[in-house]
Amino acid sequence: MTGFIIALVVLIIVAIGMGIRIVPQGYVFVIERLGKYHDTLGPGFHVIIPFVDQVSKKVSLKEQVADFPPQDVITKDNVIMKIDTVVYFKVQDPKLYAYGAERPILALENLTATTLRNLVGELELDQTLTSRDNINARMQGILDEATDPWGIKVGRVELKNIIPPEEIQRSMEKQMKAERDRRETLLEAEGHKQASITRAEGDKQALVLKAEAERDAAIARATGQAESIRLVYEAEARGIEMLKAANIDERVLLIKKLEALEKMGDGRATKIVVPTDLAQAASDLTFKTEMLGFGNNTPVYKSADKKVTPKAEDPCCSDADKGATTKHFAEDHVNFEQI
(Lines give C-alpha, C1' and ligand atoms only; values in the text may rest on other atoms or scores of the structure.)
Protein backbone atom coordinates (compact mmCIF):
# COMPACT_ATOMS: atom_id res chain seq x y z
CA MET A 1 0.00 0.00 0.00
CA THR A 2 2.74 2.41 0.86
CA GLY A 3 4.50 1.66 -2.44
CA PHE A 4 1.35 2.35 -4.38
CA ILE A 5 0.95 5.70 -2.69
CA ILE A 6 4.55 6.60 -3.43
CA ALA A 7 4.12 5.60 -7.06
CA LEU A 8 0.96 7.62 -7.32
CA VAL A 9 2.65 10.70 -5.86
CA VAL A 10 5.53 10.33 -8.26
CA LEU A 11 3.11 9.98 -11.17
CA ILE A 12 1.26 13.09 -10.10
CA ILE A 13 4.51 15.04 -9.83
CA VAL A 14 5.61 13.87 -13.30
CA ALA A 15 2.20 14.74 -14.75
CA ILE A 16 2.33 18.19 -13.23
CA GLY A 17 5.84 18.64 -14.65
CA MET A 18 4.69 17.54 -18.07
CA GLY A 19 1.71 19.87 -17.93
CA ILE A 20 3.75 22.98 -17.21
CA ARG A 21 5.34 24.72 -20.23
CA ILE A 22 7.44 27.91 -20.13
CA VAL A 23 7.94 29.46 -23.58
CA PRO A 24 10.97 31.77 -23.96
CA GLN A 25 10.78 35.15 -25.62
CA GLY A 26 11.02 34.99 -29.39
CA TYR A 27 9.65 31.49 -29.65
CA VAL A 28 6.23 29.85 -29.92
CA PHE A 29 5.16 26.25 -29.33
CA VAL A 30 2.73 24.50 -31.61
CA ILE A 31 0.48 22.24 -29.44
CA GLU A 32 -1.26 19.14 -30.69
CA ARG A 33 -4.02 17.43 -28.74
CA LEU A 34 -4.38 13.78 -29.51
CA GLY A 35 -2.41 14.26 -32.76
CA LYS A 36 -4.38 17.27 -34.00
CA TYR A 37 -3.41 20.94 -33.98
CA HIS A 38 -4.83 22.51 -30.89
CA ASP A 39 -3.12 25.82 -30.06
CA THR A 40 0.00 28.00 -30.40
CA LEU A 41 1.63 28.98 -27.13
CA GLY A 42 3.33 32.36 -27.02
CA PRO A 43 6.13 33.44 -24.66
CA GLY A 44 5.36 32.91 -20.95
CA PHE A 45 3.96 30.29 -18.50
CA HIS A 46 1.43 27.77 -19.77
CA VAL A 47 -0.32 24.61 -18.44
CA ILE A 48 -1.29 21.79 -20.74
CA ILE A 49 -2.97 18.42 -20.17
CA PRO A 50 -0.31 15.78 -19.68
CA PHE A 51 -0.39 12.80 -22.01
CA VAL A 52 -3.13 14.53 -24.05
CA ASP A 53 -1.47 17.71 -25.26
CA GLN A 54 2.06 17.68 -26.63
CA VAL A 55 4.46 20.19 -28.24
CA SER A 56 4.52 19.45 -31.95
CA LYS A 57 7.08 22.09 -33.02
CA LYS A 58 9.14 24.85 -31.48
CA VAL A 59 9.23 27.79 -33.87
CA SER A 60 11.57 30.80 -33.68
CA LEU A 61 9.99 34.14 -34.55
CA LYS A 62 13.37 35.84 -34.97
CA GLU A 63 14.70 36.85 -38.39
CA GLN A 64 16.91 34.09 -39.71
CA VAL A 65 19.71 34.02 -42.25
CA ALA A 66 20.14 31.14 -44.69
CA ASP A 67 23.51 31.08 -46.50
CA PHE A 68 23.10 28.72 -49.42
CA PRO A 69 26.11 27.14 -51.20
CA PRO A 70 27.16 28.34 -54.70
CA GLN A 71 24.97 27.26 -57.58
CA ASP A 72 25.99 26.76 -61.23
CA VAL A 73 24.13 29.16 -63.49
CA ILE A 74 24.36 29.87 -67.23
CA THR A 75 24.03 33.37 -68.63
CA LYS A 76 22.33 34.34 -71.85
CA ASP A 77 25.68 34.39 -73.68
CA ASN A 78 26.45 30.82 -72.47
CA VAL A 79 28.92 31.68 -69.71
CA ILE A 80 28.86 29.25 -66.78
CA MET A 81 29.48 30.83 -63.39
CA LYS A 82 28.89 30.09 -59.72
CA ILE A 83 26.67 32.31 -57.56
CA ASP A 84 25.90 31.87 -53.89
CA THR A 85 22.98 33.65 -52.22
CA VAL A 86 22.00 34.79 -48.75
CA VAL A 87 18.30 34.87 -47.83
CA TYR A 88 16.90 36.75 -44.84
CA PHE A 89 13.51 35.38 -43.76
CA LYS A 90 11.18 35.30 -40.78
CA VAL A 91 8.40 32.90 -39.71
CA GLN A 92 5.17 34.85 -39.93
CA ASP A 93 2.61 32.04 -39.30
CA PRO A 94 3.87 29.23 -36.98
CA LYS A 95 0.96 26.92 -37.90
CA LEU A 96 1.68 27.16 -41.64
CA TYR A 97 5.40 26.84 -40.98
CA ALA A 98 4.75 23.65 -39.00
CA TYR A 99 2.29 22.10 -41.44
CA GLY A 100 2.86 23.88 -44.77
CA ALA A 101 6.05 22.14 -45.90
CA GLU A 102 7.91 19.08 -44.66
CA ARG A 103 11.27 20.80 -44.73
CA PRO A 104 10.66 24.50 -45.39
CA ILE A 105 14.36 25.57 -45.29
CA LEU A 106 15.30 22.94 -47.89
CA ALA A 107 12.33 23.99 -49.97
CA LEU A 108 13.45 27.63 -49.72
CA GLU A 109 16.98 26.70 -50.84
CA ASN A 110 15.78 24.84 -53.91
CA LEU A 111 13.34 27.60 -54.76
CA THR A 112 16.15 30.16 -54.49
CA ALA A 113 18.42 28.14 -56.81
CA THR A 114 15.77 27.71 -59.51
CA THR A 115 14.71 31.36 -59.35
CA LEU A 116 18.34 32.47 -59.63
CA ARG A 117 18.91 30.30 -62.71
CA ASN A 118 15.82 31.72 -64.37
CA LEU A 119 16.77 35.35 -63.73
CA VAL A 120 20.46 35.04 -64.69
CA GLY A 121 19.54 33.06 -67.84
CA GLU A 122 17.84 36.20 -69.14
CA LEU A 123 20.97 38.34 -68.72
CA GLU A 124 24.39 38.44 -70.33
CA LEU A 125 27.62 38.28 -68.33
CA ASP A 126 28.20 42.02 -68.13
CA GLN A 127 24.57 42.64 -67.19
CA THR A 128 24.78 40.01 -64.48
CA LEU A 129 27.85 41.64 -62.96
CA THR A 130 26.32 45.10 -63.01
CA SER A 131 22.69 44.29 -62.11
CA ARG A 132 22.96 42.83 -58.64
CA ASP A 133 20.38 45.15 -57.12
CA ASN A 134 17.87 44.35 -59.84
CA ILE A 135 18.40 40.60 -59.39
CA ASN A 136 18.12 40.89 -55.61
CA ALA A 137 14.83 42.81 -55.80
CA ARG A 138 13.26 40.41 -58.31
CA MET A 139 14.33 37.34 -56.32
CA GLN A 140 12.98 38.81 -53.08
CA GLY A 141 9.58 39.43 -54.66
CA ILE A 142 9.36 35.95 -56.20
CA LEU A 143 10.49 34.10 -53.05
CA ASP A 144 8.23 36.11 -50.76
CA GLU A 145 5.20 35.31 -52.85
CA ALA A 146 6.14 31.62 -53.19
CA THR A 147 6.75 31.08 -49.46
CA ASP A 148 3.48 32.58 -48.23
CA PRO A 149 1.82 29.11 -47.97
CA TRP A 150 4.70 28.02 -45.74
CA GLY A 151 4.21 30.88 -43.28
CA ILE A 152 7.58 32.43 -44.23
CA LYS A 153 8.19 36.11 -44.91
CA VAL A 154 11.29 36.74 -47.10
CA GLY A 155 12.67 40.12 -46.20
CA ARG A 156 15.84 40.35 -48.30
CA VAL A 157 17.91 38.40 -50.83
CA GLU A 158 21.56 39.12 -51.60
CA LEU A 159 23.93 37.70 -54.20
CA LYS A 160 26.97 37.05 -52.06
CA ASN A 161 29.56 36.01 -54.65
CA ILE A 162 29.60 35.86 -58.44
CA ILE A 163 32.47 33.63 -59.56
CA PRO A 164 33.03 33.60 -63.35
CA PRO A 165 35.37 31.07 -65.06
CA GLU A 166 39.12 31.60 -64.91
CA GLU A 167 39.35 32.57 -68.60
CA ILE A 168 36.69 35.19 -68.09
CA GLN A 169 38.49 36.44 -64.98
CA ARG A 170 41.78 36.81 -66.87
CA SER A 171 40.01 38.59 -69.71
CA MET A 172 38.26 40.87 -67.26
CA GLU A 173 41.55 41.63 -65.53
CA LYS A 174 43.15 42.56 -68.86
CA GLN A 175 40.14 44.70 -69.71
CA MET A 176 40.27 46.41 -66.34
CA LYS A 177 44.02 47.01 -66.72
CA ALA A 178 43.50 48.52 -70.18
CA GLU A 179 40.73 50.70 -68.80
CA ARG A 180 42.93 51.89 -65.94
CA ASP A 181 45.77 52.64 -68.37
CA ARG A 182 43.37 54.59 -70.56
CA ARG A 183 42.11 56.59 -67.59
CA GLU A 184 45.66 57.23 -66.46
CA THR A 185 46.62 58.50 -69.92
CA LEU A 186 43.55 60.73 -70.05
CA LEU A 187 44.24 62.10 -66.60
CA GLU A 188 47.88 62.83 -67.47
CA ALA A 189 46.86 64.54 -70.71
CA GLU A 190 44.23 66.56 -68.90
CA GLY A 191 46.77 67.50 -66.24
CA HIS A 192 49.30 68.66 -68.85
CA LYS A 193 46.56 70.59 -70.64
CA GLN A 194 45.47 72.36 -67.47
CA ALA A 195 49.09 73.06 -66.54
CA SER A 196 49.79 74.58 -69.98
CA ILE A 197 46.64 76.68 -69.82
CA THR A 198 47.46 77.86 -66.31
CA ARG A 199 51.05 78.68 -67.30
CA ALA A 200 49.89 80.62 -70.38
CA GLU A 201 47.35 82.54 -68.32
CA GLY A 202 50.05 83.33 -65.77
CA ASP A 203 52.43 84.60 -68.48
CA LYS A 204 49.63 86.69 -69.98
CA GLN A 205 48.76 88.15 -66.60
CA ALA A 206 52.43 88.88 -65.91
CA LEU A 207 52.80 90.73 -69.24
CA VAL A 208 49.63 92.69 -68.60
CA LEU A 209 50.78 93.65 -65.12
CA LYS A 210 54.23 94.61 -66.43
CA ALA A 211 52.69 96.81 -69.14
CA GLU A 212 50.39 98.43 -66.60
CA ALA A 213 53.33 99.02 -64.26
CA GLU A 214 55.39 100.64 -67.05
CA ARG A 215 52.40 102.77 -68.04
CA ASP A 216 51.83 103.89 -64.46
CA ALA A 217 55.56 104.61 -64.02
CA ALA A 218 55.64 106.69 -67.24
CA ILE A 219 52.55 108.60 -66.12
CA ALA A 220 54.09 109.18 -62.70
CA ARG A 221 57.37 110.43 -64.24
CA ALA A 222 55.54 112.75 -66.63
CA THR A 223 53.36 114.01 -63.81
CA GLY A 224 56.44 114.64 -61.65
CA GLN A 225 58.25 116.51 -64.43
CA ALA A 226 55.19 118.61 -65.17
CA GLU A 227 54.78 119.37 -61.50
CA SER A 228 58.47 120.35 -61.13
CA ILE A 229 58.26 122.64 -64.20
CA ARG A 230 55.09 124.18 -62.85
CA LEU A 231 56.71 124.77 -59.46
CA VAL A 232 59.78 126.37 -61.11
CA TYR A 233 57.65 128.75 -63.14
CA GLU A 234 55.51 129.54 -60.14
CA ALA A 235 58.65 130.27 -58.12
CA GLU A 236 59.99 132.56 -60.87
CA ALA A 237 56.62 134.29 -61.13
CA ARG A 238 56.52 134.80 -57.37
CA GLY A 239 60.11 136.12 -57.48
CA ILE A 240 59.20 138.63 -60.16
CA GLU A 241 56.12 139.70 -58.23
CA MET A 242 58.21 140.09 -55.07
CA LEU A 243 60.74 142.22 -56.98
CA LYS A 244 57.94 144.38 -58.33
CA ALA A 245 56.45 144.69 -54.87
CA ALA A 246 59.83 145.70 -53.40
CA ASN A 247 60.31 148.58 -56.00
CA ILE A 248 63.89 147.55 -56.84
CA ASP A 249 65.71 150.26 -58.90
CA GLU A 250 68.34 149.86 -61.65
CA ARG A 251 71.31 150.05 -59.29
CA VAL A 252 70.22 147.02 -57.37
CA LEU A 253 69.69 145.14 -60.62
CA LEU A 254 73.17 146.21 -61.79
CA ILE A 255 74.69 144.89 -58.57
CA LYS A 256 72.85 141.58 -59.04
CA LYS A 257 74.17 141.36 -62.60
CA LEU A 258 77.73 141.90 -61.40
CA GLU A 259 77.30 139.23 -58.74
CA ALA A 260 75.99 136.85 -61.35
CA LEU A 261 78.93 137.61 -63.64
CA GLU A 262 81.30 137.00 -60.74
CA LYS A 263 79.77 133.58 -60.12
CA MET A 264 79.88 132.71 -63.80
CA GLY A 265 83.52 133.75 -64.11
CA ASP A 266 84.53 131.77 -61.03
CA GLY A 267 86.04 128.46 -62.13
CA ARG A 268 89.04 126.79 -63.63
CA ALA A 269 87.73 126.71 -67.19
CA THR A 270 88.56 129.57 -69.56
CA LYS A 271 85.42 131.69 -69.98
CA ILE A 272 84.73 134.99 -71.76
CA VAL A 273 81.60 136.70 -70.45
CA VAL A 274 80.42 139.70 -72.41
CA PRO A 275 77.74 141.67 -70.61
CA THR A 276 74.81 142.82 -72.68
CA ASP A 277 75.47 146.44 -71.63
CA LEU A 278 78.98 146.35 -73.16
CA ALA A 279 77.66 146.67 -76.71
CA GLN A 280 75.55 149.67 -75.73
CA ALA A 281 78.56 151.32 -73.98
CA ALA A 282 80.79 150.78 -77.04
CA SER A 283 78.13 152.26 -79.30
CA ASP A 284 77.79 155.35 -77.07
CA LEU A 285 81.58 155.83 -76.96
CA THR A 286 81.92 155.66 -80.76
CA PHE A 287 79.12 158.16 -81.20
CA LYS A 288 80.72 160.59 -78.78
CA THR A 289 84.21 160.43 -80.40
CA GLU A 290 82.70 161.09 -83.81
CA MET A 291 80.88 164.17 -82.47
CA LEU A 292 84.08 165.55 -80.88
CA GLY A 293 86.24 165.02 -83.98
CA PHE A 294 88.47 162.33 -82.60
CA GLY A 295 87.45 159.83 -85.12
CA ASN A 296 90.40 160.39 -87.58
CA ASN A 297 93.20 160.28 -85.03
CA THR A 298 95.79 157.68 -85.58
CA PRO A 299 95.87 154.99 -83.05
CA VAL A 300 98.80 154.76 -80.76
CA TYR A 301 99.87 151.39 -82.07
CA LYS A 302 99.91 152.88 -85.66
CA SER A 303 102.34 155.79 -84.84
CA ALA A 304 105.40 156.58 -87.04
CA ASP A 305 108.48 154.51 -86.76
CA LYS A 306 111.20 155.75 -84.43
CA LYS A 307 114.45 157.25 -85.77
CA VAL A 308 117.33 154.93 -85.65
CA THR A 309 120.34 156.56 -83.98
CA PRO A 310 123.60 155.75 -85.75
CA LYS A 311 125.85 153.56 -83.76
CA ALA A 312 128.82 155.37 -82.30
CA GLU A 313 132.20 153.94 -82.66
CA ASP A 314 133.82 152.43 -79.66
CA PRO A 315 136.86 154.46 -78.69
CA CYS A 316 138.38 151.57 -76.98
CA CYS A 317 138.85 149.18 -79.77
CA SER A 318 137.50 148.09 -83.12
CA ASP A 319 134.99 145.35 -83.65
CA ALA A 320 137.62 142.98 -84.92
CA ASP A 321 139.64 143.33 -81.73
CA LYS A 322 136.63 142.66 -79.38
CA GLY A 323 136.04 139.31 -77.83
CA ALA A 324 132.86 137.25 -78.06
CA THR A 325 131.64 138.30 -74.60
CA THR A 326 132.22 141.95 -75.30
CA LYS A 327 130.37 141.75 -78.62
CA HIS A 328 127.36 140.06 -77.01
CA PHE A 329 127.15 142.59 -74.19
CA ALA A 330 127.40 145.48 -76.71
CA GLU A 331 124.53 144.03 -78.80
CA ASP A 332 122.33 143.68 -75.74
CA HIS A 333 123.03 147.28 -74.77
CA VAL A 334 122.07 148.55 -78.20
CA ASN A 335 118.83 146.58 -78.18
CA PHE A 336 117.95 147.94 -74.76
CA GLU A 337 118.48 151.50 -75.92
CA GLN A 338 116.23 150.94 -78.93
CA ILE A 339 113.49 149.65 -76.75
- Alpha carbon convex hull of segment 1-143, projected area averaged over orientations, nm²: 11.4
- Residue-level accessible surface for Ile6, protein heavy atoms, 1.4 Å, Å²: 100
- Leading residue at positive end of dipole, segment 1-108 (Cβ point charges), from Val86, Pro50, His38: Pro50
- Query: For the pair Gln194 and Thr2, how long in nm is the line joining their label points, each one 7 Å along Cα→Cβ?
  - Reply: 10.2
- Given backbone amide H placed at 1.01 Å from N, residues whose amide H is under 5 Å from that of Tyr27, ignoring those fewer than 5 places away on the same chain, are Leu61
- Specify the inter-centroid distance of segment 217-233 and segment 83-112, based on alpha-carbon positions, in whole Å. 100
- So who's got an amide H within less than 5 Å of the one on Gln71, skipping anything under 5 residues away but keeping other chains? H placed 1.01 Å off N, in plane. Ile83, Asp84
- Considering the dipole of segment 160-218 built from charges on the beta carbon (Lys and Arg +1, Asp and Glu -1) around the Cα centre, which of Leu207, Ile162, Thr185 is farthest to its positive end? Ile162
- Item | With DNA, RNA and ligands ignored, accessible area of Ile80 (1.4 Å probe; Å², nearest 10) | 100
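With a/c under 1.5 counting as rounded, go ahead and sort segment 174-252 into rounded, prolate or oblate using the C-alpha gyration tensor (a ≥ b ≥ c being the square roots of the eigenvalues; past the cut-off, prolate if a/b is larger than b/c, else oblate). Let's see the in-between values first.
Numbers: a/c = 16.16, a/b = 12.84, b/c = 1.26.
Judged from the Cα gyration tensor, segment 174-252 comes out prolate (a/c at least 1.5, a/b above b/c).
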- Can you pull the percent of segment 123-198's accessible area that's carbon plus sulfur, 1.4 Å probe, other chains left in place? 51
- Query: How large is ³J(HN,Hα), in whole Hz, for each residue of segment 43-54 in order, when computed from phi with the Karplus curve 6.51 cos²θ - 1.76 cosθ + 1.60 and θ = phi - 60°, using x for Gly and Pro?
  - Reply: x, x, 9, 9, 10, 10, 7, x, 6, 10, 9, 9
- SASA check, Arg221, accessible area w/ 1.4 Å probe, all protein chains in place, rounded to nearest 10 Å², comes out at 140
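The values are calculated or read from the model by the stated rules, or taken from the named source; none is laboratory data. What you are looking at is a predicted structure, and each value in this text was computed from that prediction instead of being measured. Here Cβ is always computed from backbone atoms with ideal geometry, including for glycine, and neighbour counts include all displayed protein chains. Just the protein is used for accessible areas: all its heavy atoms, side chains included, with ligands, DNA and RNA removed. Shrake-Rupley method; radii C 1.70, N 1.55, O 1.52, S 1.80 Å.
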